[in-house]
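Here is the structure we will look at.
The values are calculated or read from the model by the stated rules, or taken from the named source; none is laboratory data. Bear in mind that the values here come from a model prediction, so they are computed numbers and not experimental data. Quick reminder, even Gly has a Cβ in these numbers, built from the backbone with ideal geometry, and neighbours come from all protein chains shown. The accessibility values were calculated without ligands, DNA or RNA, using every heavy atom of the protein model including side chains. Shrake-Rupley method; radii C 1.70, N 1.55, O 1.52, S 1.80 Å.
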Amino acid sequence: MIFITVGTQKFQFNRLLKEMDKLVEEGFIIAENVFAQTGSSTYIPQNYSFKAFLTKEELNKQIEANDLIITHAGTGSIINSIKSRKKVIGIPRDVKFGEHVDNHQYEIVEQFENSSMILAVKNIQELKSAIRDSENFKFKKYISNSEKFNETLNEILNRWKK
């Protein structure tokens, strides 16, 4: 099962939704195995189920219920998915397609890809091969360092108190 999320920003991500429609239409993906959160996109998927916006609870249920998450390269979407130990394909929004104000998502997706936590698709025509590759790719598990950060911060604050 595949869950597509494009986030909640005011920008469309029609490129991704169209490519998924194409993959379903050609029979590479079974329509019933795909659900998308389409956000502010203007493209209406023809071959799979979707909803424009999800509540936080609905989003979390979709992440938990699906094996593969295909997402824009927003840090929140990526981190929520990898924390749930899901296979993730990240696709950066591109300013030249009117998908964002700059191309910072390329940097985000590159960092996660370099850590082997996600597969990155920088050219939408690579999506099919990324989906295929996700079946055997060894995704590195996300390990939070929040506890260590909090311990270090408390140590520093305690030194200042003295």
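Structural remarks
- Residues in segment 100-134 that are part of a loop (DSSP other than H, G, I, E, B), under 21 Å from Leu17 (Cα atoms) and at pLDDT 95 or above: Ile118, Val121, Lys122, Asn123.
- Of all residues in segment 38-71 being open to solvent by less than 30 Å² (accessible area, probe 1.4 Å) and hydroxyl-bearing (Ser, Thr, Tyr), the one that is farthest from Arg93 (Cα to Cα): Tyr48
- Test for Lys86: is it within 12 Å of the chain's Cα centre (by Cα) and over 15 Å from Val6 (Cα atoms): yes
- Considering the conditions (1) in contact with a helix residue (DSSP H, G or I) (Cβ under 8 Å, 6 or more places away or on another chain); (2) open to solvent by less than 60 Å² (accessible area, probe 1.4 Å); (3) of a type in the set (S, T, N, Q), Thr75 is excluded by exactly one of them, (2).
- Single condition Phe139 does not satisfy, out of (1) open to solvent by 80 Å² or more (accessible area, probe 1.4 Å); (2) at pLDDT 95 or above; (3) part of a loop (DSSP other than H, G, I, E, B): (1)
- In segment 125-146, the condition of being within 19 Å of Asn14 (Cβ to Cβ) and in contact with a Lys or Arg (Cβ under 6 Å, 6 or more places away or on another chain) is met by no residue.
- Hits in segment 110-130 - residues which are closer than 20 Å to Asn80 by Cβ, open to solvent by less than 80 Å² (accessible area, probe 1.4 Å) and out of contact with any Asp or Glu (no Cβ under 8 Å at 6 or more places or on another chain): Phe112, Glu113, Ser115, Ser116, Met117, Ile118, Val121, Ala130
- Filtered by the rule that a residue be open to solvent by less than 10 Å² (accessible area, probe 1.4 Å) and either touching a helix residue (DSSP H, G or I) at 6+ places or on another chain (Cβ under 8 Å) or not aromatic (Phe, Trp, Tyr) (or both), segment 8-37 gives Leu16, Leu17, Met20, Asp21, Leu23, Val34, Ala36, Gln37.
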